[in-house]
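The values are calculated or read from the model by the stated rules, or taken from the named source; none is laboratory data. As the structure is a prediction and not an experimental result, all values here were calculated from the model. Every residue, glycine among them, receives a Cβ derived from its backbone with ideal geometry; neighbour counts consider all protein chains shown.
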Amino acid sequence: MLSTTLVVLQLLWLSLASAGHFYGGVVTFSATIGSNGSIEVELRNKATFSSCAYQYGSCYGNLTDCGYNNQISLGAIDLGNTSTETSWCQTETVVSKRLTSNRPFRTLESSCCWTKLDTPSVYPSWNVLTSVDLGIRSDTNKPNNSPNIAILPFLRVPQNCKRSYKPMAFDPDGDVVRCRYGNRHASECVDCRRQVGFSVNETTCTLLYLASGNQGVHGFELVVEDHPRHNVALYYSYGITNNTMSVSFSVLPLQFVFQVDPSVPTCTEGYNLPKYVSPTPRDGEVILAQTGREVEIRVKAMALYSQVDRIIMTGPLNVTKHRTTADEFIIRWTPISENLGHYFPICFAVESKNGSSVYQTEMRCVLVNVTNELMNTVVTCLESSMIVEVEKATLPELHYENLRLSDPSNIVCSLQTHSNSTHLVAKVPLNTCGTQIEEDADNLFFKNEITTVDNTSTLITRKHQLEMKFFCQYPKRGNVTFTFSAHRENVTVWDKGLGKFTYGFEFFPDQRFVSRIDPRLYPLEYDVGDRIFMEIEATTTVNNTELFVESCRAAPYDNTNYPHPYNIIENGCNLDPTLIVYPRSHNRQFKYSVEAFKFIGLHDQVYISCSVLMCEAGNPHTRCSRGCQPNGATRARREAVIESGTHYVSQGPLRLRRSVEAGNTGLNFNLNLVFIAGCVLAAVGMICGVIIYKSKKSSVRYQALPSDET
């Protein structure tokens, strides 16, 4: 994503509007009163041109006093290309003004010309007019603030598909927000044309496309107003009082470009048009954030007949976007201290391609509310684990014994082990406790969460009072040399009704399975085609039980949740053609081997992880007795206590001898397992933690918590 530059300047003219064609602009404002009674207003001016240009308005009108500029910050938000490969770039210029009074004022920015439109006008210039009223409100005793509005700079829809677009339009003062077309006589627009095939619902502030518009690019010059819900008086420093009910407090520009594309065979989302899927947030969702703590918004879309290509977005300064190897898009933003107490909209849409055709999802917007810190939390990222420390005094009242990680079955995943009277402490290995792994082009992300459960003996809950999500970020550079390079020790788990089990996973030199390979020799090295002999064995005091291996997978990292593994066994079925399963000495043992493999990419080692469970021996109703089930297994009811839950064991790493490759072009290799993945994990991780708080009684869904560095 674009890096954002913050510039602090005094009385600087930044307008480069003439540098490119205009695609639209949005302006909002918020005001504060200083301890000495001075009034400061912050104007946020988003502008989109064919190149990255910055603009903010000059004072407009004979009686206008706009104060003087105290600070200016600027940066690029997003950029993209239209179907004609015409580039666009959206920027934001934030101007902090110190005022001598709270008298209403207006700003205006104007120039030539709009980008090439298919509805050309005799007035190709553009106006961005903003009316600012900072009167002290009788209902809040604070200066009036504008609505928080946002819309993507470039929208598109197939000609035959009806669709509605609701810009983010939230008023922090609780006023009613309405939209309308601009008025040329009031200098709110230049062309002011009502586009054919579109209508604006002024009451709901919604743009409707009626599937009857002309193909091509159309420019929209709308304005947004806030109207009080009841009679509100505005007080000004020069002694005038304004009682208002029918007129608006603010007039804000909302200008953008809309492209009508050729028709598609079906307008149903998920075919040609991409469709949002989980974990994409709902439109209008409110996200709580804290200064200095990164907010993460995850977006995913899919389509059967087009390829998801990119995400376009609009948001505050320093917002970034990333794409993961799981084809999810992540929008990240870290509020600064100046953002405290304010609201910031973020809007996005996902685009897909099929040849030269480009399709766009509906636009969705979320609202980020920057609040005071709710939970005092520290996340520390180590080579092979994450440590999360939460100050209990900052948490809501909870029964701490009912808190758990995503998968608490392994004893090392218990939160009671390291917590104390003042802090909830979790020491989370990167390869267990339900830790998920994600990748983008530059980093690996290991994620987990702490949640509440109804009862610690249950596996599910529908009453989460707390969700604390956290992650560690590691840059992908260099090769794995010692991270996860040690021999994995036995795994001890407990299971309701069946007691405690210890699983051992070892490698052996040959099919006799007499003596395991010495752990000091890890990582193990093999030539392509060598047989790798493995044994999984369960130890327990519970009699009449048997072990079942449901799956085994290969991955470049010691993490059972790696998104792109190579499956050796799946649903109890043997998938690898070189797999040999050997007779076992007793029911709690599984011996097998596969031929050593090479995998594609920069990885130089691999881990084998298996999901296993224990069953009552000889019972025909258990998962163990059903064996291979290609379409997925149906598990027995846990109340019967005839089988355990699924647990994961892993071992490695294995390494392909590079000397074998040196004398061979690779064309004659017997590549039994072909494994495609990204770059490898660096030895030292970069620390970045995020925690999300969810209150059962609140309508707010997310809360970001800290990220700390050691």
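Among the residues making up the range 173-190, those that are of a type outside the set (Ser, Thr, Tyr) and over 36 Å from the mean Cα position of the chain (by Cα) are ASN183, ARG184, HIS185, ALA186, GLU188, CYS189, VAL190.
Criterion first (closer than 23 Å to CYS433 by Cα and in contact with a Gly (Cβ under 9 Å, 6 or more places away or on another chain)) does GLU570 satisfy it? No; evaluated as a whole, the condition is false for this residue. Here the condition is being polar (S, T, N, Q) and at positive phi; of ASN339, ASN318, it holds for ASN318 alone.
Within the range 104-123, restricting attention to residues that are part of a strand (DSSP E or B) and of a type in the set (S, T, N, Q), the residue that is surrounded by the most Cβ atoms within 10 Å (Cβ to Cβ) is THR107. Of everything in the range 53-78 that is modelled with pLDDT of 80 or more and closer than 18 Å to GLN255 by Cβ, the residue that is surrounded by the fewest Cβ atoms within 10 Å (Cβ to Cβ) is SER58.
Can you name the residue in the range 81-104 that is of a type in the set (D, E, K, R) and either touching a Phe, Trp or Tyr at 6+ places or on another chain (Cβ under 6 Å) or at pLDDT 85 or above (or both) and is also nearest to PHE258 (Cα to Cα) among such residues? Talk me through it step by step, then tell me what you get.
Residues of the range 81-104 of a type in the set (D, E, K, R): 85, 92, 97-98, 103.
If we keep only those that are either touching a Phe, Trp or Tyr at 6+ places or on another chain (Cβ under 6 Å) or at pLDDT 85 or above (or both) too, we end up with 92, 97-98, 103.
On the way: GLU92: 20, LYS97: 33, ARG98: 37, ARG103: 36 Å.
Looking at the filtered set, the residue picked out is GLU92.
Taking the numbered list (1) at pLDDT 90 or above; (2) more than 25 Å from ASN543 (Cβ to Cβ); (3) surrounded by fewer than 17 Cβ atoms within 10 Å (Cβ to Cβ) in turn, VAL581 passes all entries but (2). Just to check your reading of the model, which residue among VAL264, VAL277, VAL247, VAL251 is buried (at least 21 other Cβ atoms within 10 Å of the Cβ) and either at positive phi or not aromatic (Phe, Trp, Tyr) (or both)? The unique qualifying residue is VAL251. Residues that are surrounded by 20 or more Cβ atoms within 10 Å (Cβ to Cβ) and of a type in the set (A, V, I, L, M, F, W, C) within the range 396-438 comprise LEU403, LEU405, CYS413, LEU415, LEU424, ALA426, VAL428, LEU430, CYS433, ILE437, listed in sequence order.
Quick check on ALA326: is it small (Gly, Ala, Ser), in contact (Cβ under 8 Å) with a residue 12 or more places away in the chain and surrounded by 15 or more Cβ atoms within 10 Å (Cβ to Cβ)? Give the steps one after another, and end with the answer.
Values: small (Gly, Ala, Ser): yes; in contact (Cβ under 8 Å) with a residue 12 or more places away in the chain: yes; surrounded by 15 or more Cβ atoms within 10 Å (Cβ to Cβ): no.
No: the conditions fail for ALA326.
None of HIS218, HIS227 is in contact with a Phe, Trp or Tyr (Cβ under 6 Å, 6 or more places away or on another chain), closer than 29 Å to VAL176 by Cα, modelled with pLDDT of 90 or more and not hydrophobic (A, V, I, L, M, F, W, C) except HIS218.
Which residues, counting only those in the range 438-473, are part of a strand (DSSP E or B) and either at pLDDT below 75 or farther than 25 Å from TRP494 by Cβ (or both)? Can you show your working first?
Applying the first criterion (part of a strand (DSSP E or B)) to the range 438-473 yields 438-440, 443-452, 467-473.
GLU438, GLU439, ASP440, ASN443, LEU444, PHE445, THR452, GLU467, LYS469, PHE471, CYS472, GLN473 - these are the residues of the range 438-473 that are part of a strand (DSSP E or B) and either at pLDDT below 75 or farther than 25 Å from TRP494 by Cβ (or both).
Cβ-Cβ distance below 7 Å, separation of 6 or more or different chains: which pairs start in the range 501-528 with a residue that is within 23 Å of LEU547 (Cβ to Cβ) and end on one that is hydrophobic (A, V, I, L, M, F, W, C) and in a loop (DSSP other than H, G, I, E, B)? Close Cβ pairs (under 7 Å, with a partner that is hydrophobic (A, V, I, L, M, F, W, C) and in a loop (DSSP other than H, G, I, E, B)) amount to PHE507/ILE517; PHE508/ILE517; PRO509/ILE517.
Name the single residue, out of those in the range 44-78 being hydroxyl-bearing (Ser, Thr, Tyr) and not in a loop (DSSP other than H, G, I, E, B), that is farthest from LEU129 (Cα to Cα). This residue is SER73.
Selection of first residues in the range 216-231 that are at positive phi and of second residues that are among the aliphatic types (A, V, I, L, M) and surrounded by 17 or more Cβ atoms within 10 Å (Cβ to Cβ), restricted to Cβ pairs under 7 Å at least 6 apart or on distinct chains, gives the following pairs, ordered by first then second residue: GLY216/VAL260. Taken over the range 236-268, the criterion of being modelled with pLDDT of 90 or more and not in a loop (DSSP other than H, G, I, E, B) is satisfied by VAL251, LEU252, PRO253, LEU254, GLN255, PHE256, VAL257, PHE258, GLN259, VAL260, ASP261.
Scanning the range 124-136 for residues that are crowded, with 16+ Cβ neighbours inside 10 Å and among the hydroxyl-bearing types (Ser, Thr, Tyr) yields THR130, SER131.
Among the hydrophobic types (A, V, I, L, M, F, W, C), at pLDDT 80 or above, in a loop (DSSP other than H, G, I, E, B) and buried (at least 16 other Cβ atoms within 10 Å of the Cβ): does that describe LEU374? Let's see the steps before the verdict.
Details: among the hydrophobic types (A, V, I, L, M, F, W, C): yes; at pLDDT 80 or above: no; in a loop (DSSP other than H, G, I, E, B): yes; buried (at least 16 other Cβ atoms within 10 Å of the Cβ): yes.
Spelling it out, it is not the case that LEU374 is among the hydrophobic types (A, V, I, L, M, F, W, C), at pLDDT 80 or above, in a loop (DSSP other than H, G, I, E, B) and buried (at least 16 other Cβ atoms within 10 Å of the Cβ).
Looking at (1) touching a Gly at 6+ places or on another chain (Cβ under 6 Å); (2) more than 20 Å from LEU444 (Cα to Cα); (3) among the hydrophobic types (A, V, I, L, M, F, W, C), find the lone condition where VAL286 falls short. Just one mismatch for VAL286, condition (1).
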